[in-house]
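Below is one structure; the comments refer to it alone.
The values are calculated or read from the model by the stated rules, or taken from the named source; none is laboratory data. Since the model is a prediction, treat every value here as computed from it, not as a measurement. Heads up, the Cβs are rebuilt from the backbone with ideal geometry, glycines too, and the neighbour counts pull from every protein chain shown. Quick note on the areas: whole protein, heavy atoms, side chains included, nothing else; ligands and nucleic acids left out. Shrake-Rupley method; radii C 1.70, N 1.55, O 1.52, S 1.80 Å.
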Amino acid sequence: MATEGLELRRPGVIADVVPGALVRDVVLVLGGAALTGAAAQLAVSIEPLSPVPLTGQTFAVLVVGAALGTGRGLLAMAVYLAAGAAGLPWFAGGASGAGAASFGYVIGFVLAASLVGELARRGGDRTPLRTVGTMIAGNLAIYAVGVPYLAFARHLPARAAIEAGLVPFLLGDAIKILLAAGVLPAAWLLVRRFTR
């Protein structure tokens, strides 16, 4: 049997191994948004340190971005943002709307999921070390939007916005990054095992 010209395509991201194109993509996008909404309910207030609560959102955003890829990850977070802004109570602690000081982080989720998705497509989630780098890039994207938005919304100088909107979250983000560095490469091991 001739195999000349036959190219075996390797999946770019984990979602690429799920069959069914359009239906698959719609389900994955809505599922990614719902997972992020569910993770947002794991919220702990840390006031007066910050008006932004500690949540499981960022972990969900980064894993969704890596698993779904650039376009689907971006769409999942756009759905999450739009539905929450329209009134669906699935932002941190059951909040909704666009008025909260933490809304900038939600905007940053769209950018982060797209960035992480693209890095994952290029292999950024295949090994623990690569995954750490990918997740750090995603966190930086979230902070790049969230911290300035917090400064604007609360009329804070830059230093105060960094102290309230970044510093209290660094330890939690490090833990989430380490979790992702275990989960995503392990998922790829399973994908490789079952797609051979």
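Scan V79, V63 and give me the residue that is over 15 Å from I107 (Cα atoms), in contact (Cβ under 8 Å) with a residue 12 or more places away in the chain and buried (at least 17 other Cβ atoms within 10 Å of the Cβ).
Just one listed residue meets the conditions, V63.
Conditions tested, residue by residue: (1) out of contact with any Leu (no Cβ under 9 Å at 6 or more places or on another chain); (2) touching a residue at least 60 places away in the same chain (Cβ under 8 Å); (3) surrounded by fewer than 16 Cβ atoms within 10 Å (Cβ to Cβ).
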position: P48; (1), (2), (3): yes, no, yes
position: P53; (1), (2), (3): yes, no, no
position: R121; (1), (2), (3): yes, yes, no
position: R126; (1), (2), (3): no, yes, no
position: T134; (1), (2), (3): no, yes, no
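Quick one: count up the residues across the stretch 136-151 that are touching a residue at least 40 places away in the same chain (Cβ under 8 Å) and of a type in the set (A, V, I, L, M, F, W, C).
Result for the stretch 136-151: 5.
Would you pick out the residues in the stretch 19-41 that are surrounded by 15 or more Cβ atoms within 10 Å (Cβ to Cβ) and aliphatic (A, V, I, L, M)?
Once the filter is applied, which keeps residues that are surrounded by 15 or more Cβ atoms within 10 Å (Cβ to Cβ) and aliphatic (A, V, I, L, M), the stretch 19-41 yields L28, V29, L30, A33, A34, L35, A39, A40.
For the stretch 82-92, name all the residues that are touching a residue at least 24 places away in the same chain (Cβ under 8 Å) and either touching a Phe, Trp or Tyr at 6+ places or on another chain (Cβ under 8 Å) or assigned to a loop (DSSP other than H, G, I, E, B) (or both).
Looking only at the stretch 82-92, we keep the residues that are touching a residue at least 24 places away in the same chain (Cβ under 8 Å), and these are 83-84, 88, 90-92.
Scanning the stretch 82-92 gives A83, G84, L88, W90, F91.
Testing A113 on (1) open to solvent by 40 Å² or more (accessible area, probe 1.4 Å); (2) at pLDDT 95 or above; (3) within 17 Å of A181 (Cα to Cα), one condition comes back false. Which one is that?
In the conditions (1) open to solvent by 40 Å² or more (accessible area, probe 1.4 Å); (2) at pLDDT 95 or above; (3) within 17 Å of A181 (Cα to Cα), A113 misses (1) alone.
Quick one: L140 ticks every box in (1) in a helix (DSSP H, G or I); (2) in contact with a helix residue (DSSP H, G or I) (Cβ under 8 Å, 6 or more places away or on another chain); (3) within 27 Å of L49 (Cα to Cα) except a single one, so which number is it?
(2)
Looking only at the stretch 183-196, which residues are assigned to a helix (DSSP H, G or I) and open to solvent by 40 Å² or more (accessible area, probe 1.4 Å)? So that I can check it myself, show each step before the final result.
Taking the stretch 183-196 first, the residues assigned to a helix (DSSP H, G or I) are 183-194.
Within the stretch 183-196, V183, A186, L189, L190, R192, R193, F194 meet the criteria.
In the stretch 157-173, which residues are surrounded by 14 or more Cβ atoms within 10 Å (Cβ to Cβ), over 18 Å from L115 (Cα atoms) and within 18 Å of the chain's Cα centre (by Cα)?
Result: G165, L166, F169, G172.
Filter the stretch 1-45 down to residues that are of a type in the set (S, T, N, Q) and under 15 Å from V61 (Cβ atoms) and give me whichever is modelled with the lowest pLDDT.
This residue is Q41.
For the stretch 93-110, which residues satisfy the criterion of being open to solvent by 40 Å² or more (accessible area, probe 1.4 Å) and either of a type in the set (A, V, I, L, M) or in a loop (DSSP other than H, G, I, E, B) (or both)? So that I can check it myself, show each step before the final result.
Let us first name the residues in the stretch 93-110 that are open to solvent by 40 Å² or more (accessible area, probe 1.4 Å), namely 93, 95-96, 98-100, 107.
Scanning the stretch 93-110 gives A95, S96, A98, G99, A100, I107.
Just to verify a result, which residue in the stretch 136-156, among those that are among the β-branched types (V, I, T) and either under 12 Å from the mean Cα position of the chain (by Cα) or farther than 13 Å from T58 by Cβ (or both), is most open to solvent (accessible area, probe 1.4 Å)?
So the residue we want is I136.
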